[in-house]
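Just below is one structure, and these are the notes that go with it.
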Amino acid sequence: MDEERGRPAKRPTIADVAALAGVSRAAVSKVFNDSGRISEPTALRIRDAAAKLHWTPSSTAVALRKTRTQTVGLVLNRPGELEVGATSSLLISGVESVLTPRGYGLLMYLVDRGLDEEARTYQRLSDNRRVDGVILTDSRVGDNRFSLTRSLGLPAVLIGTPWENDVIPHVDSDPPGAGVDDSVRHLVELGHRRIAYVGGPVDRVQAVLRRITFEESMSAAGLVPTATVATDYSPASAAAHTAALLRREVRPTGILYGSDTMAIGGMQAAREAGYSVPQDLSIVGFDGLPLGVWVDPALTTVQRDAVQRGRIVAMRMLDLLGESLEEPPLLSRPYLVVRGSTAAAPE
C-alpha cells in the first residue's frame, strides 16, 4: 500500500526488473521461461532483482505461452499469379531473421482467388489454431482485414499504412510517399518539365499516397503532370502503359514508376519504341532492388530497406504476443539513388 497516497502501490513490471538488473526485457523473459542462453551470473542477477522487487511472471501469460503454436502467419494475395515477388522475398527474409532465433516459424499462404478466399484463409487459421498472430501486407482502401482479425482474436501487424488512420499496429515509412518528392525534384533539376507517373492500383493505400505525393511535388515545382496512371505492379502492364505514353503527341521526357520491376518493364518498352534511356527518356524506379544495378543503364531508384521493414514488423508481432524484445529501431526513410537511367532532359 502507498501509505502517503492511500492507494495500492504500482505492481512491478518486467521492465522494472530489467532496469534493476541492467539487462534487456528479453533477457528477463528468457530466464523465467527457461528459453535461450543466458550466462549464470546474469541469470542470478536477474533473479535477485526480481526477488527484490517481489516480481513474478504472470500466470496468465505463462499459461498462454504453453498453448501457443510458436508460429506466425503471412497470407499473400496474388490473384492470377502464385509467386513471391522480389520485394516480398526481402521482407520475408527480414521477418525470418527475427522469428527463427526466438523459436518461431513463419507459415505462409499464397492466395489467388480474391478477397473472399483470403478472408476464409484467416478464418481457417483461427479455427484450427495454426498461428499465434498474422502479418498483413498490401494495405488497401477500406481494408476489412483489420476488423476481421480483431473479431477472430488474431493479433495482427500491418506492413504499410492503414487507410484513414485505421487502428492497427503498423510499420511503414514516414511519410508514406517519401522518396517520390526527391524523384520529382531530381528530374526537375535535370530540366524535365513533362513528367509522368505509372504506379500501383487505386485500391492500394501505398499506391494512392505515392500518387498524391507525386501530384503535390509537381504542383510545388509549378508543373502539371503529363499523366498519372494506375495499374497493377507487373512489368508487362507498366510496359504497355509506357508504350501508350510514348505514342502521345506530347510525350513525357521522364517517368516515375511505382516499383523497380515496373521501371524495368518501362525501360524495355521505350527501347522497343525506338527511344534511348536516358537520352530520350529518363526513368526512375522505386524499392531499390539489387537487380537495379544489373540492368543497362543501371536504374535510378528510391531505395528503401525491405529487410529492415521485415525485421521491425516481426519485432512488433512478437511484442504483441507478449515476448519481451528490445525496442525496434526507427525505420530508415527511403532515399533517392541516382544511377544511369536519368539524365538531362532532351532539347
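Laboratory data are not the source of any read-out in this text; all were calculated from the coordinates shown. Only a predicted model underlies this, so the values are computations on that prediction, with no experimental measurement involved. Note: ideal-geometry Cβ built from the backbone for every residue, glycine included; neighbour counts use all protein chains shown.
Ratio to report: Rg/Rh of the range 180-304, with Cα atoms as the point set and Rh obtained by the Kirkwood method; give two decimals.
Rounded to two decimals, Rg over Rh is 0.92.
Quick one: which residues, 5 or more positions from Leu281 or on another chain, have an amide H under 5 Å from its amide H? H modelled 1.01 Å from N in the peptide plane, none for Pro or chain starts.
Ser276
Place a +1 charge on the Cβ of each Lys and Arg in the chain and a -1 charge on the Cβ of each Asp and Glu, then give the dipole magnitude about the Cα centre in debye, rounded to the nearest 20.
840 debye
Chymotrypsin sites (Phe, Trp or Tyr not before Pro) within the range 260-328: which are DSSP loop residues with at most 14 other Cβ atoms inside 10 Å?
Answer in residue order: Trp294.
Could you give me the ³J(HN,Hα) list for the range 125-138, computed from phi with Karplus coefficients 6.51, -1.76, 1.60 and θ = phi - 60°, whole Hz, x at Gly and Pro?
Each residue's phi maps through the Karplus curve to give 4, 6, 4, 8, 6, 7, 9, 8, x, 9, 9, 9, 10, 6 Hz.
Each residue of the range 200-207 in order: what ³J(HN,Hα) in whole Hz does its phi give by Karplus 6.51 cos²θ - 1.76 cosθ + 1.60, θ = phi - 60°, with x for Gly and Pro?
x, x, 6, 9, 9, 4, 4, 5
With angles folded into 0 to 90 degrees, how steeply does helix 180-189 sit against the dominant principal axis of the chain? Use alpha carbons for both and round to 10.
The angle comes out at about 30 degrees.
To check you understand DSSP bridge types, tell me what percent of the beta bridges within the chain (both residues inside) are antiparallel, rounded to 5.
Percentage antiparallel, nearest 5: 15.
Output wanted: per-residue J couplings in Hz (rounded whole) for the range 258-272, from phi through Karplus 6.51 cos²θ - 1.76 cosθ + 1.60, θ = phi - 60°, x for Gly and Pro.
Per residue, the Karplus-derived 3J(HN,Hα) values read x, 7, 5, 5, 5, 4, 5, x, x, 4, 5, 5, 5, 4, 5 Hz.
How many nm separate the modelled label positions at Asp166 and Val250, each set 7 Å beyond the Cα in the direction of the Cβ?
Distance between label points: 3.8 nm.
Please give the helix 86-99 orientation as an angle from the longest Cα principal axis of the chain, in degrees from 0 to 90, rounded to the nearest 10.
Between helix and principal axis, roughly 10 degrees.
Amide H to amide H, which residues 5 or more places from Leu107 or on other chains are under 5 Å from it, using H placed in the peptide plane?
Val72, Gly73, Leu74
Tell me which residues come under 5 Å, amide H to amide H, from Val302 once H is placed; ignore anything under 5 positions away on its chain.
For Val302, whose amide H was placed from the backbone, the distant partners under 5 Å are Gly285, Phe286, Asp287, Gly288, Val337.
When N counts the residues of the chain, how does its alpha-carbon radius of gyration compare numerically with 2.2 N^0.38 Å, as a ratio?
1.21
From the helices alone, meaning DSSP H stretches of at least four residues, give me the mean residue ellipticity at 222 nm for the chain, per-run term -39500 (n - 2.57), in deg cm²/dmol to the nearest 500.
-12500 deg cm²/dmol
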